[in-house]
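Everything on this sheet refers to the single structure shown next.
Here, each number is a calculation from the coordinates, and none is a lab measurement. Keep in mind it's a predicted model, so treat the numbers as computed, not measured. Glycine gets a Cβ as well: all are built from the backbone with ideal geometry, and neighbour counts include every protein chain shown.
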Amino acid sequence: MTDSNQIYDELKSIECATDNLLERVTDVLEHYNPNGEYQIIAEEDDDFIHDNIRVYNAFAEDGASPSIAVVVQEGFDHYVARVIDAYELE
């Protein structure tokens, strides 16, 4: 896997239709780790509901690659989603 900052920067550049978000995130992660597949799970957090923010955890199925949290802000109409942060899970 390459430099983590590159991955996070590319993830944070994603802004797309909400329906395409998980596919775009997966494409970025698998681009930097072509041998790995990722499972993405939405984290429910009541603290973020009013801000239209969702947190997704991406877990590498190979177990060797880092798991990554992706913080997403959805537009008020829930049509557009933008990644506002990404970081490695401990």
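In the chain, a dipole from Cβ-located charges (positive for Lys and Arg, negative for Asp and Glu) runs towards its positive end, and of Asn20, Tyr56, Val70 it is Asn20 whose Cα lies farthest in that direction. Electrostatic tally near Glu37: other residues with Cβ closer than 11 Å to its Cβ, Lys and Arg +1, Asp and Glu -1, net -3. Angle of helix 21-32 to the longest C-alpha principal axis of the chain, folded into 0 to 90 degrees and rounded to 10: 20°.
Taking Cα centre as origin and charging only the Cβ of basic (Lys, Arg, +1) and acidic (Asp, Glu, -1) residues, the dipole magnitude of the chain rounds to 220 debye.
Electrostatic tally near Glu15: other residues with Cβ closer than 10 Å to its Cβ, Lys and Arg +1, Asp and Glu -1, net +3.
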